[in-house]
Structures are given as structure tokens and as C-alpha cells.
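Taking it in order: structure first as C-alpha cells, then the write-up.
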Amino acid sequence: MGVPAFFRWLSLKYPKVLRDVIELVGPYDQQQGDFISIDPTEPNPNGREFDNLYLDMNGIIHPCTHPEDRPPPTTEEEMFEEVFRYIDRLIYMIRPRKLLYLAVDGVAPRAKINQQRSRRFRAAKEAEEKHKEMLRIREEWKKQGLRVPECDPNRKPFDSNVITPGTPFMMNLSEALKKFIEDRVAHDPAYNRISIIYSDASVPGEGEHKIAEFIRTQRAQEDYDPNTSHVLYGLDADLIMLALATHELNFYVLRERVFPSPQQSDRKMMSLEAQDSKNEENSGIQNAAATGARNSFQLLSIDVLRECLEAEFMEPLEIGFEMESSSRPQKLEFDLERVIDDFVFLCFFVGNDFLPHLPSLDIREGAIDYLIELYKKLVPRIGYLSDEKGEIHFGRVRLFLNELAATEEYIFQKRKWEEERKQRQQEERETENKHSETQNDTRKLSRTQEVSENKKVEENLKEFDNAQNFAVAESLKKRLNTLNSTEQSSCTNESIDNVNVDQSTSEKVVLDDIVEEEEEEEEEQEEQELSQVEYILELSDQQVKEQFEKELKERLYKKKVVDSVEDTVRLGEQGWKERYYESKFHWSSQSETTERKREELAYKYFEGLLWVMRYYYRGCVSWTWYFPYHYAPFASDLAACPFEAESVQYERGKPFKPLEQLMAVLPPSSAKDVLPECLTKLMVDPHSELKPFYPDDFAIDLEGKRFVWQGVALLPFVDASLLENAVRNAEENLTLEEKQRNSIGETILATNRNTLLGEFISQLSVPKDSSHRASIAAASEKIRVQLNLFGRLTRMDTTNSHVIQAYYYLPAMKQEHLPRVLPNATYPLPQLEQREKYSITDGQTGWKAAWFGPLGFLAKKMISDRQSKEDNWNRGSRKGESSISTQRNWQPSGINTQHFVLDANIPTSTVAGHPQVVQNLSPSTGPMSYVSSAAPFFINNHHIQTNMPFPIHPSVQQAQIEFLQQMQQSMKRNRPEEKKNLSQKRAKR
């Protein structure tokens with residue numbers, strides 16, 4: 001799933017889930033060049049307090065080591081300082097009260113390594129192309145006599161591929177971060193009152209999944225506080241899916257604000273395809289300046305997103321369940337938790353880090369909107385795709401895919417038509433540009449001819465003037481011989497001048513103007529030719545360097561854009577499926593084994609979907625499994641595959657060692673600086689059995705895309721057994737430092753010695769033998785008593801008298817992760833207004849560019865058909881109208897959409913004889929809020945039913961009446977008329 005594309009879809013579909021973060025006033029001292037320490041007891045400027053802050057560190061390391069918006073640091077020390085400043089900025093912004101968790105990407109599962117390999121080989125190839133283009137520009141500038149930036153031939157540019165577990169860079173960064181944590185815990189008040197957990201690159205697992213596993217194990221403990229608030233920082237879109245999968249209510253995702261706010265998005269919109277594609281190339285390194293401007297961060301509220309999903313799905317599904325109730329043995333009810341799990345699962349079809357997206361589903365064409373509408377249509381008939389444990393019913397998934405397969409050919413045909421339309425528009429623009437250029441050339445040519453003719457006329461006039469003047473002079477001479485008068489001579493000379501002036505004055509004026517214009521044009525042309533040279537010559541050294549970098553970046557970007565791509569598959573035309581498999585997989589359409597291969601491909605894809613779902617909900621079920629193809633099957637082939645989850649048995653396996661992963665993902669150009677020489681030789685030696693996995697060049701299949709980074713890198717899949725054998729045979733030749741880099745590390749917990757947890761850890765004995773750390777770890781109950789932190793600890797030796805550290809181990813899972821809101825959780829107050837809910841339900845929000853794609857068009861049509869069917873459905877005739885179909889177990893300070901909330905300053909005791917009628921919702925904060933659970937109201941088509949079988953306080957009753965009147969007015973709305981008005985407003989725009 002494209003990261004910027006998904007965030008753009010989310011910000012336009014549900015704009016209220018994102019809000020700008022208010023940073024502290026003046027935390028950064030410009031003179032000292034560092035942040036100012038803060039008092040953590042001061043109120044958070046963002047309006048609420050947060051318990052735990054989790055940092056996906058790779059989203060910090062990348063922008064700090066090779067930023068896109070400023071000169072990069074030149075040394076490792078400068079890079080580490082940028083990382084420290086960035087962490088400080090996030091800490092001062094969020095101010096966690098209990099825990100800071102720093103997670104660096106360790107060795108990833110085999111399923112992720114294939115994508116990492118593709119990214120790193122691409123990065124090496126792009127670095128080589130960048131170096132060649134840089135040399136080419138330098139030579140061109142030198143030939144033009146321009147200054148070129150000074151370049152140190154011995155200094156190598158920073159290779160971002162070293163941000164991989166097992167490299168010397170990551171080992172040095174780990175040691176620097178440990179010292180940073182120790183220093184901050186000892187001296188900074190923002191750090192010394194909380195606990196800090198640090199999991200570096202030596203601990204296996206992706207950073208965000210380490211964090212998700214930590215949260216799952218915490219909430220699985222008996223005494224876990226379900227109202228704990230979490231803030232997760234990171235750049236990947238899968239953080240949103242992980243946050244939804246936890247089913248925690250108080251969860252936020254923090255990231256840089258890459259796109260303009262929803263209010264600005266309509267005014268400031270560049271080409272979506274070009275912008276998103278360019279951002280997707282740098283999606284892993286998007287950043288704001290580490291010490292830069294304020295208000296450049298956004299918080300994505302998972303609770304508001306849950307509320308948006310509820311508004312999106314509840315009414316259509318409830319109506320669908322009611323309409324299908326006669327044909328079902330058991331009536332289904334709306335369950336938001338199941339809807340959320342199904343939504344997460346459906347997004348996997350659009351693309352993720354482990355599987356390619358289906359050929360018919362592209363997020364830029366409205367794929368998510370289409371899947372949502374298809375879900376609303378089918379779930380009332382087939383049931384939810386997931387169960388209460390987060391397991392997927394693949395029989396229902398096949399029915400879902402069968403519906404998608406019915407429109408697959410149409411999607412390809414519509415996509416082809418859209419591409420042809422864009423191509424025609426592009427050709428028309430090019431034709432118009434050529435026509436305008438031709439007109440300009442014609443004007444120049446006619447101007448040149450006119451000037452040439454004027455010159456000939458001028459020469460003829462001069463000859464004529466000379467001849468005429470000579471004849472006149474001869475006649476005058478004869479007359480002068482007979483005239484001796486001075487006056488006559490004077491008059492004669494005057495008449496001669498008048499004759500010459502009368503004959504040539506007008507022509508000479510025109511010719512003078514033409515000559516002047518020609519001289520001005522020549523001067524302008526010379527100025528244009530010299531302007532670039534003079535501009536660069538007048539620049540300072542720093543400005544020359546910036547100009548050079550700008551031209552280099554522009555040239556590299558142009559190289560990555562392909563004007564036309566030959567489409568050999570021609571999806572949508574007759575025989576498209578056979579051509580696809582023959583072109584992408586080299587499977588002959590006439591072969592008897594092709595059908596079996598297609599079934600195997602579909603089966604492996606289903607295996608991948610099951611693996612990904614369990615990875616997000618349970619953790620890594622297999623370290624060795626991976627999808628062994630570059631392309632995905634069609635939805636029609638998946639629908640025909642008889643897959644059942646019970647038949648899959650994953651081999652747990654074990655993760656790669658760091659050096660093994662380095663050999664699996666790095667190209668030889670990057671590996672020679674970070675791998676032992678004996679292993680690097682195996683990658684380049686033509687006689688090595690590993691050499692086929694490291695091609696000197698590789699093809700990129702653009703799949704009809706215009707941008708190179710959207711293509712598929714056709715790299716061979718690495719043989720894991722060969723890698724393991726190679727590293728095992730080389731272990732005896734490794735140095736002590738290389739052996740340390742190849743070892744598996746442990747997670748560390750640090751806190752100030754004066755905290756309750758610090759006092760507890762200080763009482764533990766330090767083990768003499770490090771191999772028994774886990775076996776003698778402290779019991780988790782003792783940690784829970786102090787901080788509601790579950791886990792096991794083993795004390796470490798530390799030299800700082802203010803800091804206490806321990807090895808931290810996750811507690812045992814006493815029960816599986818339940819994808820459901822925990823009991824006693826407090827539901828936050830709703831944030832959506834009724835009109836916003838109507839906009840979501842009516843399909844008036846969404847990624848506006850997607851509606852022009854084939855999937856967006858289908859989604860829009862399905863919304864129109866569904867609304868038409870709902871209008872014909874008599875909601876008043878629905879069975880069981882006096883009962884509420886979606887009763888949620890609302891706890892204190894929560895509200896049910898089927899109830900109404902009243903603000904009143906009256907205690908519960910004022911309602912005599914009815915102690916259960918009014919419940920205090922939030923007695924500790926501000927005005928008391930009360931909920932009347934015995935007086936539900938039901939929103940039907942155009943009326944409200946109320947049932948109040950008991951006396952209540954007059955002030956409460958008056959508030960109820962006013963509230964119901966407001967709701968009644970808001971429900972008296974003519975949707976067709978509103979849509980008509982909306983269309984008129986859009987037309988005016």
C-alpha cells in the first residue's frame with residue numbers, strides 16, 4: 001500500500017481523524033543550538049495527557065542521516081546528534097507520563113526481507129546513476145566555463161543501506177543511544193520520571209511490530225488498565241492498521257504533516273499522480289527539519305477513525321441485516337469490532353510489505369472505496385469475514401472475491417480507456433505546444449523575410465535617390481549658368497533638399513525602427529545565453545553548490561519518468577489472463593501444468609493473507625515463510641481456489657542472524673563496506689554458488705506505470721540455506737567485533753534510581769553469568785504493583801549513580817490477544833457531528849481524484865444504487881423496532897449513539913426513587929455529564945420515538961425535550977434536495 005496515497009485517502013475521506021499538534025513555545029534555543037529542558041508537571045499544550053510514547057526509530061534515523069530538505073550531516077557524530085534532537089522534540093511535544101519505548105528495526109521475517117532486498121538494490125542502482133549524472137553535469141559546466149562545486153574525491157556519500165541490522169553504523173548508533181538515554185534519565189526532568197525501554201537493531205523484529213507485541217502482551221494481563229493512552233510515532237501506513245488491530249480506544253499515531261490540511265487541499269493541489277508517486281519513492285524518508293518549524297506534526301486519532309468507520313458501515317449494514325433477516329436462520333447484528341478487523345484485512349488486498357496487490361486493485365483508482373462499498377453489499381448476505389478471535393473465514397472471502405472477479409474485466413477495460421484518454425490529452429497538449437511553437441517560428445520567418453525585403457527596398461531607394469539627385473543636379477547646373485541672382489541660388493538649393501526629403505523620409509523612418517528592433521532582439525538573445533553563465537559566476541560557493549544540486553535533482557527525476565510504456569499484456573482485451581501469466585510468470589497457456597501452477601499461486605497468496613493477518617494480531621507465526629512470486633494472481637483465480645485456513649501449518653523457524661540478513665538484502669556495492677571480506681567475496685566471485693543472487697544489473701517491470709519507482713524489481717529470491725551455510729563456515733574467521741555484530745541482543749529498561757521502579761530494580765542482584773539472565777528474572781507481579789508495567793527484569797551493571805538499568809523480557813501471555821475493547825474501558829466522547837456522519841454515509845467524502853478512476857466510478861455507482869434501495873425500503877416496517885440492535889456496553893464517561901447525553905449540574909440523589917435513572921459519567925472533570933439509559937430514542941426515516949416510563953428531574957426533562965426537538969429538526973432533511981443544492985454549489989465553483 002502506498003504510504004502517501006493511503007494518508008491522502010484517509011485525510012480526505014475522514015478529515016477529522018487528523019489534527020495538528022501544538023508544540024511547546026520556545027523549546028529550542030537558537031543560540032545554544034539545542035532544546036531547553038521542560039517541567040513535565042506543566043500541562044500539555046495539546047489538551048490532554050498521554051501515558052506511553054512509542055517511537056519507531058527507523059522513521060527518525062532515515063530523515064536525520066540523509067534529509068531531503070537541507071544539507072546532510074557529514075559525520076556519524078553529527079547524524080547521532082540530529083537523532084537525539086529529534087527524540088527530544090517528540091518527548092517535549094507529547095510529554096509521556098509513564099513510558100517511552102524506542103524500537104529500532106531488527107532482523108525482519110523472511111516475508112519482509114524480499115521487499116528490503118528490492119529497496120536496497122534499487123538504492124544502490126540509483127546511487128550509481130546519480131554519481132554518473134553528477135560527473136556529466138560537472139563536465140558540461142566546465143566546458144561552459146562555469147564554476148563547479150568543490151568535491152572531495154576521497155569522501156564517499158552516505159549510503160543509506162547501512163541502516164540495516166548488523167552494520168558497524170547501527171552498532172555505533174546503538175551505543176550512542178544508550179549513552180543518550182543514560183544522560184537524559186540522569187539530568188532531564190522530561191525523562192527522569194518515566195521508564196524507558198530500548199530495543200535496538202540486535203533484537204529481532206521490525207520496530208513497529210515489537211511495539212505492537214508489547215501492547216498486546218500488556219493488555220492480555222489481568223490487571224491491565226484499559227484506559228491507558230498510547231502515542232505511536234512512525235511514517236508507515238501500517239502503523240494505522242496495527243493501532244486498529246489492538247482495539248485500544250486511547251490510541252494516536254503521530255507523524256509529520258506531509259500533505260496540506262483538508263481546508264487547503266482543494267486550493268493547493270498539484271498533480272496527484274505525480275505528487276503521490278514522487279512521495280512514495282521517498283516514503284521511508286519523509287521528514288520535517290529535525291529542528292525546524294512548528295506545527296509540522298499531526299496526530300491521527302484512532303478513536304475518531306473508529307467513529308468514522310462506525311458512521312461508514314453501521315446504517316447500511318443494519319438495513320442490510322434487516323432486509324436479509326428472512327433468509328437467514330440467525331439474525332446478524334452490527335459489531336464495530338468485527339467491522340474494524342474486516343477493514344484491516346481488506347486493506348491487505350491493496351498492498352502491503354509482504355504481498356503484491358491484486359492487479360485489479362489500485363489505491364489511486366479508488367480501490368479502498370470500492371472494497372468498502374462491496375463489503376456493505378455482501379456482508380449482510382455472507383456474514384463478517386472475521387470472527388471474535390480475529391481469524392478469517394476464507395470461504396466467505398472467496399465469495400467476496402467472486403463478486404470482485406465479476407467486475408475484473410470491466411476494471412481493466414475502464415483503466416485502459418482512462419489511460420488512452422490521458423494519452424490523448426497529453427498528445428493534444430503536445431500538439432498545441434508544437435502548433436504555438438510553429439506559429440512563433442512562422443512569425444519569426446515572416447519577420448525575417450520582411451526585414452530582408454525592406455533592406456532591398458532601401459537599397460533600391462538609395463540607387464533611385466542617387467540617380468534622381470544626379471539628374472536634378474545636372475539640370476540645376478545648366479540653370480545656374482543662366483541665373484546669377486543670390487536669391488535664386490538660395491531658393492534652388494532649398495528646393496533640392498525638399499525633393500530629397502519628400503521622397504525618402506517615410507521609408508527611412510520605418511527602416512530605422514526595424515533595425516532598432518533587430519538590434520534589441522539580438523541583445524536579448526545574447527543576454528539569455530549569458531544570463532545562466534553570469535548568474536552562476538556571480539553566486540557564492542554555497543549557492544553554486546545548491547544550484548548544482550537542484551539541476552542534478554531535476555535531471556534524475558526526469559530520468560525516472562517514462563513517457564510511454566509498451567503494454568504487452570493488454571489487460572481487458574481478449575486473452576488478457578493468458579497473456580498475463582505468460583508474460584509475468586512465463587507459463588505457457590497451452591501447458592497442462594499451467595492450471596496447477598495458477599492454483600498453487602492462489603494458494604500461496606491465501607497463505608500470505610493468513611500469515612499477514614496473524615502477524616498483525618498475534619505476532620510472527622513463521623520467520624521463514626515468504627511469498628515466492630513477484631506478482632499476485634487475479635481475483636477470479638483466488639475465488640476458484642479451495643483454500644481453508646485449517647490446512648495451513650506454518651513452520652515457526654528462527655530469524656536470520658544479522659550477517660545472514662545483510663547478505664540477503666544488500667547489493668555487493670554496499671556489502672563490501674559492512675560485511676567481512678570472506679563473505680563479500682562469495683557475492684562477487686563468478687564461481688561462487690551465491691553469485692546468481694547478486695546480478696550486476698536487473699530489470700524493472702513498470703507494469704504500465706510512468707514512474708520507475710512504481711515498477712517491480714525482478715531480482716532472484718535468495719536461498720536461505722546457502723546463506724546460513726556460508727555464514728556458518730565463515731564464523732571461525734570472524735573478528736571479535738564481527739561476532740558481536742552477528743549476535744542476538746536483548747531489550748533494556750532504564751529509569752532514574754529515585755523512582756519506585758528504580759528502587760525495586762536496585763534491590764535485585766546482578767547475575768554473575770549472563771546466560772542465566774532470563775531464568776532469574778524478577779516476577780512480573782512486582783513490577784505491576786508499582787507502575788502497571790508487566791514483564792520480567794534482570795539487573796544490569798551501571799556506572800551512573802543516578803540511573804538504574806535492567807534487561808527487560810515480555811511477560812507470558814496468559815490469554816490470546818482478543819480483538820475487542822476490554823471491559824471497563826472508558827469510551828471517549830463522540831467527535832463527529834451529525835452532518836459529518838451523513839456525509840460519510842452518503843458517500844459525499846472521499847479521495848476526489850479516485851472518483852475518476854475505474855474503481856472510484858464503480859464505488860460511486862454502488863453508493864447511488866444502495867441509497868436508492870434504502871429509500872425504497874420502509875424503515876418503519878423493520879422488525880423489532882422497539883429494541884436496539886447495537887447495544888454497546890458503555891462504561892462511565894462513555895455514550896451510546898442510541899442514547900442522548902445531557903450536561904447538568906445535579907447529583908444523582910435528586911432523582912428520588914430512581915437511583916439507576918441518571919448515572920454520573922465523569923465526576924472528576926468539569927461539569928457532570930449524565931446519561932439516561934432508560935430513555936432511549938430511535939431515529940427512523942423522519943421521526944423520533946421516545947419512551948420515558950418514569951418521572952425525572954424537571955431540568956433534565958427540559959434538556960431532553962430541547963435535545964429531541966433539535967434532533968427532530970435535523971432529521972427533517974430532504975436528501976435529494978440537499979444533493980441538488982450541493983451539485984449547484986459545485987457547479988458554481
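The values are calculated or read from the model by the stated rules, or taken from the named source; none is laboratory data. Given the structure is predicted, the values throughout are model-derived calculations rather than measurements. Ideal geometry is used to build each Cβ from the backbone, glycine not excepted, and the neighbour counts take in all protein chains shown.
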Tally up the residues in the stretch 88-112 that are modelled with pLDDT of 95 or more and β-branched (Val, Ile, Thr), please.
2
Would you be able to say whether some residue in the stretch 14-32 is among the small types (Gly, Ala, Ser), more than 30 Å from residue 840 (Cβ to Cβ) and either at pLDDT below 90 or touching a Cys at 6+ places or on another chain (Cβ under 8 Å) (or both)?
yes
Of everything in the stretch 567-604, what is part of a loop (DSSP other than H, G, I, E, B) and among the hydrophobic types (A, V, I, L, M, F, W, C)? Give them in sequence order.
569, 571, 585, 587
Among all residue pairs at least 6 apart or on different chains, which show Cβ distances below 6 Å where the first residue, located in the stretch 182-197, is over 23 Å from residue 794 (Cβ atoms) and the second is crowded, with 20+ Cβ neighbours inside 10 Å?
190/91
Condition first: at pLDDT 95 or above and touching a helix residue (DSSP H, G or I) at 6+ places or on another chain (Cβ under 6 Å). Now tell me which residues in the stretch 579-608 satisfy that.
602
Residue that is surrounded by the most Cβ atoms within 10 Å (Cβ to Cβ) [pool: residues in the stretch 388-413 that are of a type in the set (Val, Ile, Thr) and out of contact with any strand residue (DSSP E or B) (no Cβ under 7 Å at 6 or more places or on another chain)]
411
Consider residue 383 carefully, then state whether it is surrounded by fewer than 21 Cβ atoms within 10 Å (Cβ to Cβ) and of a type outside the set (A, V, I, L, M, F, W, C).
yes
Within the stretch 55-77, the count of residues that are in a helix (DSSP H, G or I) and not polar (S, T, N, Q) comes to 8
In the stretch 612-634, which residues are in a helix (DSSP H, G or I) and either in contact with a Leu (Cβ under 9 Å, 6 or more places away or on another chain) or over 30 Å from residue 244 (Cβ atoms) (or both)?
612, 616
Kindly establish whether residue 754 is of a type in the set (S, T, N, Q) and more than 29 Å from residue 194 (Cα to Cα).
no
Do you know which of the residues in the stretch 59-72 that are of a type outside the set (A, V, I, L, M) and either without any contact (Cβ under 8 Å) to a residue 24 or more places away in the chain or crowded, with 21+ Cβ neighbours inside 10 Å (or both) is farthest from residue 251 (Cα to Cα)?
71
For residue 651, which of the numbered conditions (1) within 31 Å of the chain's Cα centre (by Cα); (2) under 30 Å from residue 396 (Cα atoms) fails to hold?
(1)
Quick one: residue 176 ticks every box in (1) within 18 Å of residue 758 (Cβ to Cβ); (2) in contact with a Phe, Trp or Tyr (Cβ under 6 Å, 6 or more places away or on another chain); (3) aliphatic (A, V, I, L, M) bar one, so which box is it?
(1)
Could you go through the stretch 38-54 and let me know if any residue there is of a type outside the set (Val, Ile, Thr) and either under 30 Å from residue 356 (Cα atoms) or assigned to a helix (DSSP H, G or I) (or both).
yes
Starting from the stretch 379-407, keep only residues that are closer than 20 Å to residue 634 by Cα, then list their pairs with residues that are among the basic types (Lys, Arg) whose Cβ atoms are within a distance under 8 Å, requiring at least 6 positions of separation or different chains.
385/396; 403/377
Are there any pairs with C-beta distances below 6 angstrom linking a residue in the stretch 672-690 that is within 14 Å of residue 723 (Cα to Cα) to a residue that is surrounded by 15 or more Cβ atoms within 10 Å (Cβ to Cβ) and of a type in the set (S, T, N, Q), with the two at least 6 apart or on different chains, and if so which?
682/688
The correct count of residues that are in contact (Cβ under 8 Å) with a residue 24 or more places away in the chain and in a loop (DSSP other than H, G, I, E, B) in the stretch 323-361 is 16
Mind checking which residues of the stretch 191-216 are surrounded by 20 or more Cβ atoms within 10 Å (Cβ to Cβ) and either closer than 18 Å to residue 97 by Cβ or of a type in the set (Ser, Thr, Tyr) (or both)?
191, 192, 194, 195, 196, 197, 198, 199, 202, 211, 214, 215
Please pick out the residue among 816, 732, 833, 737 that is within 24 Å of residue 224 (Cβ to Cβ) and surrounded by fewer than 19 Cβ atoms within 10 Å (Cβ to Cβ).
816
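To keep it simple, each residue is scored yes or no on (1) of a type in the set (Lys, Arg); (2) touching a residue at least 60 places away in the same chain (Cβ under 8 Å); (3) surrounded by fewer than 19 Cβ atoms within 10 Å (Cβ to Cβ); (4) assigned by TED's automatic domain parsing to the domain that holds residue 199.
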| position | (1), (2), (3), (4) |
| --- | --- |
| 45 | no, no, yes, yes |
| 50 | no, yes, no, yes |
| 54 | no, yes, no, yes |
| 82 | no, yes, no, yes |
| 94 | no, yes, no, yes |
| 102 | no, yes, no, yes |
| 131 | no, no, yes, no |
Please determine whether any residue of the stretch 662-677 is modelled with pLDDT under 90, not assigned by TED's automatic domain parsing to the domain that holds residue 580 and not charged (D, E, K, R).
no
Enumerate the pairs (first residue in the stretch 760-778 and at pLDDT 70 or above; second residue anywhere and in a helix (DSSP H, G or I)) with beta-carbon separation below 7 Å, excluding pairs fewer than 6 apart on the same chain, so at least 6 apart or on different chains.
760/782; 760/786
With respect to the numbered conditions (1) of a type outside the set (S, T, N, Q); (2) within 30 Å of residue 420 (Cα to Cα); (3) surrounded by fewer than 18 Cβ atoms within 10 Å (Cβ to Cβ), which one is the sole condition not fulfilled by residue 632?
(3)
Any idea which residue in the stretch 223-240 is farthest from residue 54 (Cα to Cα), counting only those that are of a type in the set (Ser, Thr, Tyr) and crowded, with 19+ Cβ neighbours inside 10 Å?
228
Go through (1) assigned to a helix (DSSP H, G or I); (2) surrounded by 12 or more Cβ atoms within 10 Å (Cβ to Cβ) one by one and return the number of the condition residue 750 breaks.
(1)
